[in-house]
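Right, one structure below, let's go through it.
The values are calculated or read from the model by the stated rules, or taken from the named source; none is laboratory data. Note that this is a predicted model, so its numbers are computed, not measured. Positions of Cβ are backbone-derived with ideal geometry, glycine not excepted, and every protein chain shown enters the neighbour counts.
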Amino acid sequence: MPAAPTRSLQVITGVAAMRTAVRALQQRGETVGFVPTMGALHVGHLSLVDAAAAECDRVVASIFVNPTQFGPSEDFTKYPRPLERDLELLRERGCDLVFVPEAAEMYPQGYGTSIDVGPVAVPWEGAARPGHFAGVATVVLKLFECVPADRAYFGRKDYQQTLVVRRMAADLNLPIDVRVCPIVRDADGLALSSRNVYLSPDERRRALALSQSLRLAEEIISRGERDALVVRERMLALIAAVGGVAVEYVAIVRDGTVDEAPEIDGPVTIAVAARVGTTRLIDNVQIG
Ligand code: PAF
């Protein structure tokens, strides 16, 4: 349920003004929850605002389409930027402040620093999207500097991203508590993503193969299957039968890691990445 909007939404674009605003709230003894986003908000993002509102006195969101996490052939220029609608959704949801920085201030002339979080960023999404996690870690660290909140909220749909951010926060002793919230799905099972708007009706139907394959994996594991190869083959067969979905990977990993689990003998996360037409989608499920 959306939080009752009792306060107005303040939009801040400058880094110094943003930092000052958060510190002023904290000096008054208020806790601050932070929801970093790239905009094109959907109910998944708004569930993060709700989680922050439930745990913190104030909620700050950010909207910044971060250029450094997109590869040269990815969708940076066409990524949706419905700013006015996003601000309205945040306002309705009871968000207090929104940081909408300028690219020129986030990446000043001569910018050269980049964060490498090590092995957790290497396989799966890291292999499919070279440089992506360096871009994510760098911008998240910068956003944490601009919005020095008490807690930050990320969605579990970006499973590996949550591991990258947690690794960075631990390794760099960042004074922020990283919270991970459940995936939000449409009624038919499609995981919400800002990129779903790219899908034609036919592609959207085919895209359901991702969540269906994850449900199948859950079912066969709950019936006793322990061989990850068998689970992966069954998932791939389901996706192939739907057609029009080009799988990039099916990762069956020990939960909380990126390490493959050949035997399903403890909690695992199964993550899938695929292209439907030109749209790249990811989804995952935690089992056990
Ligand atoms: O998950 C996202 O939307 C982005 O990767 C993030 C965390 C806002 C960094 O740009």
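At-a-glance table
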item: Search result, residues across segment 59-80 that are within 10 Å of the ligand (Cβ to nearest atom), under 30 Å from Leu25 (Cα atoms) and either of a type in the set (Val, Ile, Thr) or loosely packed, with under 13 Cβ neighbours inside 10 Å (or both); result: Ile63, Val65
item: Search result, residues across segment 129-167 that are in contact with a helix residue (DSSP H, G or I) (Cβ under 7 Å, 6 or more places away or on another chain), over 22 Å from Phe99 (Cα atoms) and more than 10 Å from the ligand (Cβ to nearest atom); result: Arg156, Gln160, Leu163, Arg167
item: Conditions (1) in a helix (DSSP H, G or I); (2) among the β-branched types (Val, Ile, Thr); (3) closer than 29 Å to Arg254 by Cα; number of the one not met by Thr20; result: (3)
item: Ser47 vs. criteria touching a strand residue (DSSP E or B) at 6+ places or on another chain (Cβ under 7 Å), outside any loop (DSSP other than H, G, I, E, B), touching a residue at least 24 places away in the same chain (Cβ under 8 Å) and closer than 29 Å to Ala127 by Cα; result: no
item: Count of residues meeting criterion [out of contact with any strand residue (DSSP E or B) (no Cβ under 7 Å at 6 or more places or on another chain) and either outside any helix (DSSP H, G or I) or crowded, with 21+ Cβ neighbours inside 10 Å (or both)] in segment 234-262; result: 5
item: Selection count where residues are within 17 Å of the chain's Cα centre (by Cα) and over 15 Å from Arg179 (Cβ atoms), scope segment 54-70; result: 9
item: Of all residues making up segment 111-128, the number that are surrounded by fewer than 19 Cβ atoms within 10 Å (Cβ to Cβ) and under 18 Å from Glu74 (Cα atoms); result: 2
item: Count - residues of segment 186-195 that are touching a helix residue (DSSP H, G or I) at 6+ places or on another chain (Cβ under 7 Å) and within 20 Å of Asp75 (Cβ to Cβ); result: 3
item: Extreme residue, nearest to Val184 (Cα to Cα), among residues of segment 211-225 that are assigned to a helix (DSSP H, G or I) and of a type in the set (Gly, Ala, Ser); result: Ser211
item: Selection within segment 81-97 - within 13 Å of the ligand (Cβ to nearest atom) and either out of contact with any Gly (no Cβ under 9 Å at 6 or more places or on another chain) or free of Cβ contacts under 8 Å to residues at least 24 places away in the same chain (or both); result: none
item: Test: residue in segment 218-229 that is modelled with pLDDT of 95 or more, under 28 Å from Gly39 (Cα atoms) and surrounded by 18 or more Cβ atoms within 10 Å (Cβ to Cβ); result: no
item: Helices (runs of 4 or more DSSP H) within segment 101-182 that include 2 or more residues within 27 Å of Tyr249 (Cβ to Cβ) and of a type in the set (S, T, N, Q); result: 159-171
item: Single unsatisfied condition, Ala187 versus (1) surrounded by fewer than 18 Cβ atoms within 10 Å (Cβ to Cβ); (2) in contact (Cβ under 8 Å) with a residue 12 or more places away in the chain; (3) more than 14 Å from the ligand (Cβ to nearest atom); result: (2)
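For (1) within 17 Å of Gly155 (Cα to Cα); (2) without any contact (Cβ under 8 Å) to a residue 60 or more places away in the chain, each residue gets a yes or a no:
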| position | (1), (2) |
| --- | --- |
| Leu238 | no, yes |
| Ala241 | no, yes |
| Ala246 | no, yes |
| Gly256 | yes, no |
| Thr278 | no, no |
